[in-house]
Amino acid sequence: MPAARRPPLPIPENPPPGPFRREFFASPLRGPWLTSIIGSSLLPLIVICAVTGFLSHAAYDPRPAGFSLYFFNWPSGPTYLYSVTQGLHVITGLAAIPILLAKLWSVIPKLFEWPPVLSVAHGLERLALAMLVGGALFVFFTGVLNIQVYYAWSFSFIPAHYYGSFVFLAGLALHLGVKAPVIFRAYREHGLAPLHQRLDSTLAESPESDRMAAEAKTGEETTTAPVAPGPPTVSRRGLLGLVGATSLGLAVMAAAQVIGGPLRPLGLLVPRGRSVGSGPNDFQINKTAAAAGVGPADVGGDWRLVLEGPRRVELSRDELMAMPQATHRLPIACVEGWTTVQSWTGVPIRDLARMAGIEGPAQVLVESFQKTGGFTSTTLSPNKVANPRALLALRVNGADLSLDHGFPARIIVPALPGVRNIKWVGNMAFSAPTEA
Amino acid sequence: MKRFRYEYGAGPLHLVGSIATFAVAGYVALRVVDGSVGAPIGFLVWFVGAIFLHDFVLLPLYSLLDRLPRRAAGVRRSLPDDERRLVLGRREGKWLVEPAGASVRPRRVSWLNHLRFPVMVSALLMLLFFPLILGLAEEDYSMVSGQSTDGFLERWALITAVLLVVSAAIYVVRRVRAGAAGRER
């Protein structure tokens, strides 16, 4: 019978001692079925996480240096749009981690498979796996550290996390294509029967001992099933139950800091799971005045809001308070995956556009007078300016804004990431809409 | 086609897919090199370091640590030949090997998983949230949020304690029930 594949490189047939020998890995749980079921649980979470991640990217100002690819204008509603997309991103991201770790455990024997390279195709596959595993660990790890405001790295998080996800998802796409036959066969052969096995009836999957026969049937050299299984110490459903429960616990904690209100305390270990207090300004702060270099001296009676446009207008806080006010419940939805909803009172931005002399659609560049920090300005496109709920807020929950929440004035706009709701506003430059 | 498969080791679609995947990696590499991510060396170090830290530090570490309770619970490293079970019920039944006397082996409730499960969950929570729990993120976190990382260590310790206590309670219940069932026979 003609050989199915060019013979491998002249590597010694006998594997070196240790994990390169298949007898090393003794858990009877490993095998294509376990890996398939873990992978199937992981995939929907990854899909949601990836889609919401790219949406988050679009929600940020679409034109900072280096970013591209987005041709649509981020909508101005529904109000909780970014809360939902970014909340889901962090919830699914955290929930995926226990499942990811279980997946890596289930396939670790493949890292040490011997011979290491069987063909060109096999070698390329292993390189792509490095992209998959490295990419996954990179984006999940940087994501988890970022939501805790722990910037332990020297690179810039936003582009690194973004481009890292390209590497991860590209590796994943190839991996799914290559492994699809293996997954389908595992389900065809066993269905969900292993989930019915208790500890005493937990059986190992068969390793394909005859290499050529295996390769002809499964299309791959060896599986992760053990050649010398030890006795099972936990059933598959026990393991999957543990992983699932941990995943659910993380999801609940992450959701608690999005839904907030009475549920917030359920977020025991997430960064924004604690109540800040009970006063009108006691809610989650997304950047303190100290971090922005804003002090009481900067916000005295001589502060003026400067409106630029066909007309230039300077308004004091008293003059703003004398204008017709609107009150709306609006969220601050942070990229770190938390949301807080408060009742904001202020002047609708479209009224300010008219004051600056623009009657029809208008866009606005809003600038803060804060001295430090990124994101000190943002451009609001016409759909957002026209939204009657987009406010220049002066008060929250019936009291004046505190310094940390942007006194003397901040914008609060539905559906936008928290960082684009500029605090300590100094300047608003209105203009007729330009092409994106 | 056969020649292609012989030389390459898989079909042409595999090659096309691989090229597309590496093209994406190449694009990202360009972005890293041109400074779009800020610190090219840092990015590479973290990327490769992540693989290294998980595959060669974390996984071996927790695997080795798991051996201690397993040995204490009397779990043998491998099955003797006459007890080897090989297969997950292949349809044609060709490979099925049932160990002798398996069905009359008494059901023992072991404490092993009642220790492993809470410890694994607790360790994972520490692995994920160590910047808050150990206060490493205090500087940036307090600057940004106005809150302190104080209290997270206590929360993690409390969760660990609750997990251990609940697990122990379930163990006791299971032992009592298994004992009662054994006496009934």
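Numerical summary
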quantity: Boolean, B:Val144 is surrounded by 18 or more Cβ atoms within 10 Å (Cβ to Cβ), out of contact with any Leu (no Cβ under 9 Å at 6 or more places or on another chain) and under 25 Å from A:Phe140 (Cβ atoms); calculated: yes
quantity: Long-range neighbours under 8 Å by Cβ, at least six apart or interchain, first residue at the interface with chain A (Cβ under 7 Å from one of its Cβ atoms) within region B:6-22, second assigned to a helix (DSSP H, G or I) and open to solvent by 60 Å² or more (accessible area, probe 1.4 Å); calculated: B:Glu7/A:Val120; B:Tyr8/A:Val120; B:Gly9/A:Val120; B:Gly17/A:Ala173; B:Thr21/A:Ala173
quantity: Failed item in (1) facing chain B (nearest Cβ under 10 Å); (2) modelled with pLDDT of 95 or more, with A:Ser83 passing the rest; calculated: (1)
quantity: Any chance A:Leu203 is within 10 Å of chain B (Cβ to nearest Cβ) and of a type outside the set (Gly, Ala, Ser); calculated: yes
quantity: Residue count for region A:289-315, restricted to those that are within 14 Å of chain B (Cβ to nearest Cβ), in contact with a Ser or Thr (Cβ under 7 Å, 6 or more places away or on another chain) and not in a helix (DSSP H, G or I); calculated: 1
quantity: Enumeration of residues in region B:136-168 that are of a type in the set (Gly, Ala, Ser) and more than 25 Å from the chain's Cα centre (by Cα); calculated: B:Ala137, B:Ser142, B:Ser145, B:Gly146, B:Ser148, B:Gly151
quantity: Top-ranked residue in region A:143-154 [being more than 7 Å from every other protein chain (Cβ to nearest Cβ) and in contact (Cβ under 8 Å) with a residue 24 or more places away in the chain; ranked as surrounded by the most Cβ atoms within 10 Å (Cβ to Cβ)]; calculated: A:Ile147
quantity: Hits in region A:353-396 (condition: under 21 Å from A:Pro78 (Cβ atoms) and assigned to a loop (DSSP other than H, G, I, E, B)); calculated: A:Pro361, A:Ser381, A:Asn387, A:Pro388, A:Arg389, A:Ala390
quantity: In region A:397-436, residue nearest to A:Ala356 (Cα to Cα) [restricted to those that are open to solvent by less than 40 Å² (accessible area, probe 1.4 Å), small (Gly, Ala, Ser) and not in a loop (DSSP other than H, G, I, E, B)]; calculated: A:Ala429
quantity: Which numbered condition A:Arg350 fails, given (1) modelled with pLDDT of 95 or more; (2) open to solvent by 10 Å² or more (accessible area, probe 1.4 Å); (3) in a loop (DSSP other than H, G, I, E, B); calculated: (3)
quantity: Residue within region A:357-370 that is in contact (Cβ under 8 Å) with a residue 24 or more places away in the chain, open to solvent by 30 Å² or more (accessible area, probe 1.4 Å), touching an Asp or Glu at 6+ places or on another chain (Cβ under 9 Å) and over 12 Å from A:Phe430 (Cβ atoms) present; calculated: yes
quantity: In region A:344-356, the residues that are touching a residue at least 12 places away in the same chain (Cβ under 8 Å) and among the charged types (D, E, K, R); calculated: A:Arg350, A:Asp351
quantity: Test set (1) surrounded by 14 or more Cβ atoms within 10 Å (Cβ to Cβ); (2) outside any helix (DSSP H, G or I) - B:Arg76 fails condition number; calculated: (1)
quantity: Tally of residues being hydrophobic (A, V, I, L, M, F, W, C) and either open to solvent by 20 Å² or more (accessible area, probe 1.4 Å) or touching a strand residue (DSSP E or B) at 6+ places or on another chain (Cβ under 9 Å) (or both) across region A:70-97; calculated: 6
quantity: One residue from A:Leu100, A:Leu127, A:Leu169, A:Leu111 being within 30 Å of A:Leu266 (Cβ to Cβ) and either facing chain B (nearest Cβ under 10 Å) or open to solvent by 10 Å² or more (accessible area, probe 1.4 Å) (or both); calculated: A:Leu100
quantity: Residue that is more than 30 Å from B:Glu138 (Cβ to Cβ) and not in a helix (DSSP H, G or I), where the choices are A:Leu129, A:Leu118; calculated: A:Leu118
quantity: Those helices (runs of 4 or more DSSP H) lying entirely in region B:1-63 with at least 1 residues over 16 Å from A:Phe138 (Cα atoms); calculated: B:2-8, B:12-33
quantity: Residue match in region A:328-337 (condition: modelled with pLDDT of 95 or more, outside any strand (DSSP E or B), more than 30 Å from B:Met120 (Cα to Cα) and assigned by TED's automatic domain parsing to the domain that holds A:Gln363); calculated: yes
quantity: Among the candidates A:Phe184, A:Phe138, A:Phe157, residue that is open to solvent by 10 Å² or more (accessible area, probe 1.4 Å), at the interface with chain B (Cβ under 9 Å from one of its Cβ atoms) and modelled with pLDDT of 90 or more; calculated: A:Phe157
quantity: Condition met for B:Val97 (of a type in the set (Val, Ile, Thr), modelled with pLDDT of 90 or more and exposed (fewer than 14 other Cβ atoms within 10 Å of the Cβ)); calculated: no
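The values are calculated or read from the model by the stated rules, or taken from the named source; none is laboratory data. None of these values were measured; they are calculated from a predicted model. Quick reminder, even Gly has a Cβ in these numbers, built from the backbone with ideal geometry, and neighbours come from all protein chains shown. For the accessible areas, the whole protein counts, side chains as well, though only heavy atoms, and no ligand, DNA or RNA atoms are used. Shrake-Rupley method; radii C 1.70, N 1.55, O 1.52, S 1.80 Å.
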